[in-house]
Every structure is written in structure tokens, then in C-alpha cells.
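Novice: Below is a structure I'd like to ask you about.
The values are calculated or read from the model by the stated rules, or taken from the named source; none is laboratory data. Small disclaimer: the values here were computed from a predicted structure and weren't measured. Virtual Cβ from ideal backbone geometry, glycine too; neighbours counted across all protein chains shown.
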Amino acid sequence: MNMDASSTRPLGAAGRGAAAIDAGLRRYMLSVYNYMAAGLGVTGLVAYVAVATGFYQQIAATPLIWVVMLAPLAAVLFLSFRIERMAIGTAQAVFWGFAAIMGLSLAGILLIYTGTSIARVFFISAGTFAAMSLYGYSTNRDLSRFGSFLFMGLIGIVLASIVNIFVGSSALQFAISVIGVLLFTGLTAYDTQRIKQVYFDAAATGDLAKPALMGAVTLYLDFINLFVMLLQLTGTRRER
């Protein structure tokens, strides 16, 4: 049987380049997901230890709880604006600190919701996140046109949540949770595609460690917010 010589010819420069990009992209995205998963692990561990030792209960009754609640936001803003001037080791330290303080700020949910309910919602959140992140990674559809809509929705959720701190409306909280689940489901796909695009923009410089870390922060926040919104919507509260 005759064989076309071109079928046995080694890959050309274009083919080798494409293969190198595919391999590099996989390593980059794996780094993003590894950072994210490790951050979630730190958050969960700190939350559990804080409640088990009674540390969270002690600070929850003091004004210090406001520092704990606002510290994660401060860490994210600091990382976002300063990461380009940080050494990668410093940026990683800030990330782990952020994940730990986030665990402390979320520890209260272990006192409000049952363990079974938290585990169930976590696995639902993980499945939803995985499906939407896979969609954002693999789709050829440009999701950037949804960016402004999702950003406006995020601002609306934040403002409504602040208002509800003072109003205490269960109906408003329900609406926030429903819209929040939809919003962070969409953001997961959008952010995954954006993080993938960052690889192509940054690959030429060869400095992918910091973009991978910031990508992990973004997806971490998407997952945490999706989890919290679902928990508020479907979680089973402990009997008082």
C-alpha cells in the first residue's frame, strides 16, 4: 500500500508551535486550578479549626469581627494593585494569608448550617463550577460581550447586600441569593475564558507565575461566592 510521503514527515514549525502552546496552556491552567484548590483547602481548614477551638466564637462577639470580615477584601485589592511589583514568593504568601483570613471570616457558617447541608452544597457548587469552567475553557463563543453585564450585576449584588445588612429583609436576601447563583455561575465561565486568554497575552514574556496566581484568586472568589449563595438559598440551618 502506497503512503503519501507527507504523512510520515515530521511536524513543521507551525505544528510544533501549536503543540507547545497546547502543552503550555495545560500547565498554566493546571497551575491556576492547583492554586485555587489549595486555597480552598486552607480556607476550609482554618474555618474548621477556628470554630473547633472556639476562637471564632470569641472574636465574633467583639468589634474585631469587622476587621476579619473586611480583611479578605483588603488582601485581594492589595494583591491586584501590587502583584506586578512583588516577588512571586511574596505574592504567594499574600495569597495564602488571604485564603486563611477568608476561612476565618467564613467560619460562622459552620455554626449556622448543619454539616450535612454544608457538604451537600459544597459538592453541588463544585459540580456547577467544574461544568461552567470547562465550558468557558472549551467554548469557541466569545464571552467577553457579557463582561459589562456581569460586572454591573456584581455591583448590584454588593450594593443590595450592604443595604440588607441594615434592612434585614428575608425577601431581599432570597432575591440576592437567586441572582447571585446565576451571576457567579456565569462569571465562572467568563473568567475561565478570560484567564485562558491571559495565557496567550503573557506567554510571549514567559512570566506566567503571577497571572496564574491572579487567575486562581479570581476563580477562588467565583467558587466561594457561588457556594455561599447556594448555601443561603438551600442550606439547612441548625436548630437553636
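Novice: In contact (Cβ under 8 Å) with a residue 12 or more places away in the chain and part of a loop (DSSP other than H, G, I, E, B) - does that describe any residue in segment 169-187?
Specialist: Checked segment 169-187: no residue is in contact (Cβ under 8 Å) with a residue 12 or more places away in the chain and part of a loop (DSSP other than H, G, I, E, B).
Novice: Quickly run through segment 120-169 and pick out the residues that are of a type in the set (Gly, Ala, Ser) and within 16 Å of Gln232 (Cβ to Cβ). Step through it out loud before you land on a result.
Specialist: Here is the first cut: in segment 120-169, the residues of a type in the set (Gly, Ala, Ser) are 125-127, 130-131, 133, 136, 138, 144, 147-148, 153, 156, 160-161, 168-169.
Those that are of a type in the set (Gly, Ala, Ser) and within 16 Å of Gln232 (Cβ to Cβ): Ser125, Ala160, Ser161, Gly168, Ser169.
Novice: Kindly list the number of the only condition in (1) touching a residue at least 40 places away in the same chain (Cβ under 8 Å); (2) surrounded by fewer than 16 Cβ atoms within 10 Å (Cβ to Cβ); (3) under 17 Å from Val228 (Cβ atoms) that fails for Ser144.
Specialist: Going through the list (1) touching a residue at least 40 places away in the same chain (Cβ under 8 Å); (2) surrounded by fewer than 16 Cβ atoms within 10 Å (Cβ to Cβ); (3) under 17 Å from Val228 (Cβ atoms), Ser144 breaks only (3).
Novice: Sticking with this structure for a sec: May I ask you to list the residues in segment 23-35 that are under 13 Å from Gln92 (Cβ atoms) and crowded, with 16+ Cβ neighbours inside 10 Å? Give the derivation first.
Specialist: From segment 23-35, those under 13 Å from Gln92 (Cβ atoms) are 31, 34-35; that's our starting set.
Ser31, Tyr35, listed by residue number.
Novice: Looking only at segment 150-175, filter to residues that are within 19 Å of the chain's Cα centre (by Cα) and among the hydrophobic types (A, V, I, L, M, F, W, C); which one of those is nearest to Met69 (Cα to Cα)?
Specialist: Here the answer is Val158.
Novice: For segment 33-77, how many residues are touching a Phe, Trp or Tyr at 6+ places or on another chain (Cβ under 9 Å), under 24 Å from Phe123 (Cβ atoms) and not small (Gly, Ala, Ser)?
Specialist: Residues flagged as touching a Phe, Trp or Tyr at 6+ places or on another chain (Cβ under 9 Å), under 24 Å from Phe123 (Cβ atoms) and not small (Gly, Ala, Ser) within segment 33-77 amount to 7.
Novice: Also, I was wondering about something else. Filter segment 83-138 down to the residues that are within 26 Å of Val68 (Cβ to Cβ), among the hydrophobic types (A, V, I, L, M, F, W, C), touching a Lys or Arg at 6+ places or on another chain (Cβ under 9 Å) and in a helix (DSSP H, G or I) and list them by number.
Specialist: Listed by number, the residues that qualify are Ile83, Ala91, Val94, Leu111, Ile112.
Novice: Further question on the same structure: Please pick out the residue among Ile165, Ile176 that is at pLDDT 90 or above and out of contact with any Gly (no Cβ under 8 Å at 6 or more places or on another chain). So that I can check it myself, show each step before the final result.
Specialist: Working: Ile165 fails: at pLDDT 90 or above.
Exactly one residue qualifies, and that residue is Ile176.
Novice: While we're on this one: Condition first: over 19 Å from the mean Cα position of the chain (by Cα) and either touching a residue at least 12 places away in the same chain (Cβ under 8 Å) or surrounded by 14 or more Cβ atoms within 10 Å (Cβ to Cβ) (or both). Can you find one or more residues in segment 201-220 that meet it? Step through it out loud before you land on a result.
Specialist: From segment 201-220, those over 19 Å from the mean Cα position of the chain (by Cα) are 201-207; that's our starting set.
With either touching a residue at least 12 places away in the same chain (Cβ under 8 Å) or surrounded by 14 or more Cβ atoms within 10 Å (Cβ to Cβ) (or both) added as a condition, the list becomes 202-203.
Yes, segment 201-220 contains at least one residue that is over 19 Å from the mean Cα position of the chain (by Cα) and either touching a residue at least 12 places away in the same chain (Cβ under 8 Å) or surrounded by 14 or more Cβ atoms within 10 Å (Cβ to Cβ) (or both).
Novice: I would also like to ask the following. When you look at Ser80, is it polar (S, T, N, Q), in a helix (DSSP H, G or I) and in contact (Cβ under 8 Å) with a residue 40 or more places away in the chain, yes or no?
Specialist: yes
Novice: Taking segment 64-102 as the region of interest, how many residues are out of contact with any Leu (no Cβ under 7 Å at 6 or more places or on another chain), surrounded by 13 or more Cβ atoms within 10 Å (Cβ to Cβ) and over 27 Å from Leu208 (Cβ atoms)?
Specialist: Adding up the residues that qualify gives 4.
Novice: Any idea which of Ala38, Ala61, Ala52 is closer than 21 Å to Leu104 by Cβ, surrounded by 12 or more Cβ atoms within 10 Å (Cβ to Cβ) and at pLDDT 80 or above? Break it down stepwise before answering.
Specialist: Values: Ala61 fails: surrounded by 12 or more Cβ atoms within 10 Å (Cβ to Cβ); Ala52 fails: surrounded by 12 or more Cβ atoms within 10 Å (Cβ to Cβ).
Of Ala38, Ala61, Ala52, the one residue that is closer than 21 Å to Leu104 by Cβ, surrounded by 12 or more Cβ atoms within 10 Å (Cβ to Cβ) and at pLDDT 80 or above is Ala38.
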